[in-house]
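See below for the structure under consideration.
The values are calculated or read from the model by the stated rules, or taken from the named source; none is laboratory data. In this text the structure is predicted, and so the values were computed from the model without any measurement. Every residue, glycine as well, gets a Cβ built from its backbone with ideal geometry; the counts of neighbours run over all protein chains shown. Quick note on the areas: whole protein, heavy atoms, side chains included, nothing else; ligands and nucleic acids left out. Shrake-Rupley method; radii C 1.70, N 1.55, O 1.52, S 1.80 Å.
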Amino acid sequence: MKKWFALCMVIMLAAVLAACGGKTNNSSTGEKGTDPEPAAKDVEIVFQSWITPNLTVEYYDNLIKKFESANPGIKVKRIQPPANEGNPDSYLKTLLASGDFPDVVQNATIQMFVDADALLEIPIDDDIKKINNYEAEMIDGKLYNISAIRQPQSLIFYNKKLFAEAGITSTPKSWAELEAAAEKLKAKNITPLLTAGDWTAGFTFSVMTSPTIYKDNKTWYADRFDNKVKFTDANWKEAAAYYSNLIEKGYFNKGALSIDYTAVEQEFLKGKGAMYPMGSWFSAAEAVAQKDFEVGVFATPTKDGTQYLLGGENAGGYAVAKNSKNPEAALKFAKFMMLDPEAHKGYLQADALFSNLKEPLKWEMSPLQTEIYELLLNNPPMVGHMNNKVGRVPVAGIQDQYNKVAQNMMLGDMDVEKGMQSLDEYWDKHNK
């Protein structure tokens with residue numbers, strides 16, 4: 001009995017060893033076992049989106065779903081900065097310092113994050129070569145941003161009904177004509193001009209003054225780096241004084257700094273002001289708004305009446321983190337968001353932009369958007385302003401200083417001389 005039991009144990013042990021041996025890789029011969037390979041995990045990239053009334057959470061989430069469907073194995077996690085900031089720079093600087101910089105960033109000041117060695121160089125391949133003038137966005141001969149849009153910004157939208165009530169029969173082209181129109185509107189108890197707090201104040205100040213300066217010097221920022229020009233020069237002080245005079249005469253909405261960009265947009269669409277200085281993206285909101293008046297548009301007046309548009313070309317796009325753990329997936333997503341034909345066309349329509357591809361994609365424009373397009377066609381090529389390139393990208397954070405100057409002017413707490421001096425001081429302090 002004992003012999004029989006021992007024999008059974010030997011047989012069972014042999015079977016167990018044989019079973020184990022079938023699952024073991026033979027490291028000396030390189031032969032693999034028969035177990036299936038573990039399933040590959042999805043790659044996840046983090047995308048910092050830029051949310052606006054036009055570019056909504058739903059807008060981005062729908063595009064992300066399309067990308068993920070077309071690219072199985074890549075998952076996109078979307079994050080967003082706090083509201084009421086003019087760009088995501090402060091938010092991104094915080095993430096960079098904490099080691100949480102996203103894989104793909106949008107609408108950032110590219111120079112700032114190139115200086116911080118945070119961005120990946122974009123290869124100049126056939127995809128990039130589809131973009132007009134992409135070379136202009138290069139920094140030291142390298143590209144860090146994928147964008148293919150034109151965005152006119154120095155525009156003034158106006159309520160045609162309120163203009164008619166005030167007896168204004170033509171849109172102003174010069175500073176003097178704008179003041180005359182504002183006086184007629186005020187006499188009819190109509191608020192002539194609308195602006196708001198946060199970034200909107202600085203933007204309004206910039207678009208109302210910069211065309212007069214930059215139409216005569218399209219490389220002003222480059223010259224400022226070389227100390228050839230300053231904000232305290234006579235032409236800038238004159239432009240700032242003109243803007244300050246509009247405030248002093250009560251042409252802007254009362255309590256402007258207590259409302260934000262979203263609120264002032266609605267104020268204009270409700271007919272509570274006659275003129276609204278803003279970029280072309282406003283026309284996307286206007287196209288779907290319910291109102292009982294028509295909206296028109298004209299280029300921001302200059303001192304001598306010469307029309308000149310400011311804006312962005314191939315800016316506000318998508319960049320990839322240099323230290324991304326999944327750079328290929330991140331670059332693929334960035335290209336999809338800007339260059340995929342369906343995504344590109346949808347972006348243009350959502351934010352009232354104009355294609356800057358060599359074979360531009362067209363979309364169904366509203367009457368107001370067609371007016372903007374005609375302004376683009378009938379005026380010289382744009383240069384930037386505020387934090388956009390004017391011969392060269394300005395020092396980092398200059399937009400915040402524009403905001404402070406404009407807000408203090410609106411409050412009556414800063415005279416023109418001190419305001420322009422503060423811009424020079426900021427520039428010199430942050431010039432590297």
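General observations
- What the Cβ-Cβ distance of F293 and D100 gives, at R0 = 56 Å and to the nearest 0.05, is a FRET efficiency of 0.75.
- In the chain, Cα pairs under 8 Å separated by at least six residues give a relative contact order of 24 percent.
- Taking Lys and Arg as +1 and Asp and Glu as -1, the other residues whose beta-carbon sits under 13 Å from that of D400 total 0.
- Intensity falloff of region 359-427 expressed as log10 I(q)/I(0), Debye formula with alpha-carbon point scatterers, at q = 0.17, 0.25 Å⁻¹: -0.79, -1.04
- Computed from point charges on the beta carbon alone (+1 for Lys and Arg, -1 for Asp and Glu), the dipole magnitude for region 185-265 about its Cα centre is near 260 Debye.
- Probing with 1.4 Å while keeping every protein chain in the model, the per residue accessible area of region 238-357 equals 37 Å².
- With eigenvalues of the C-alpha gyration tensor scaled by 5 and rooted, region 48-156, Å: 21, 19, 18
- Set of lysines near K186 by C-alpha distance (under 20 Å), chain-local residues within fewer than 8 positions excluded: K160, K161, K173, K249, K254, K270, K272
- Extending 7 Å from the Cα toward the beta-carbon at both S174 and N323 defines two label points whose distance is 5.7 nm.
- A straight chain from D413 to T56 at 0.36 nm per residue would run longer than the Cα-Cα distance by 124.9 nm.
- Whole-number Å³ per residue for the convex hull built on Cα positions in the chain: 204 Å³
- Rh by Kirkwood over Cα pairs, then Stokes-Einstein D for region 55-111 at 1.002 mPa s and 20 °C, µm²/s: 166 µm²/s
- Translational diffusion of region 275-432 was estimated from the Stokes-Einstein equation, with Rh taken as the Kirkwood radius over Cα pairs; at 4 °C and 1.567 mPa s the coefficient is 69 µm²/s.
- Our estimate of slack between E135 and S90, defined as 0.36 nm per intervening residue step minus the Cα-Cα distance, is 13.5 nm.
- Antiparallel DSSP beta bridges within the chain, percent to nearest 5: 65 percent
- Estimated from helical segments only, the mean residue ellipticity of the chain at 222 nm is -13500 deg cm²/dmol, where each DSSP H run of four or more residues counts as -39500 (n - 2.57).
- Rg/Rh (Cα only; Kirkwood hydrodynamic radius) as it applies to region 318-383: 1.10
- Within the shell defined by Cβ-Cβ distances under 13 Å, the residues around P381 carry a net charge of +3, with Lys and Arg each +1 and Asp and Glu each -1.
- Computed FRET value (nearest 0.05) for K404 with L377, which takes r as the C-beta separation and R₀ as 25 Å: 0.10
- Cα pair distances in region 250-307, grouped into 10 Å bins until the bin that holds the longest one, percent each: 18, 51, 28, 4
- For region 321-432, with all protein chains in place and a probe radius of 1.4 Å, 49% of the accessible heavy-atom surface sits on carbon or sulfur.
- Summary of the geometry: region 376-404 and region 225-282, compared by the centres of their Cα atoms, lie 15 Å apart.
- Hydrodynamic radius of region 201-286 by the Kirkwood approach over all distinct alpha-carbon pairs: 14.8 Å.
- Under conditions of 25 °C and 0.890 mPa s, region 95-153 yields 192 µm² s⁻¹ as its translational diffusion coefficient, taking Rh as the Kirkwood radius over Cα pairs in the Stokes-Einstein equation.
- Kirkwood hydrodynamic radius of region 111-262, from inverse mean 1/r over distinct Cα pairs, in Å: 18.8 Å
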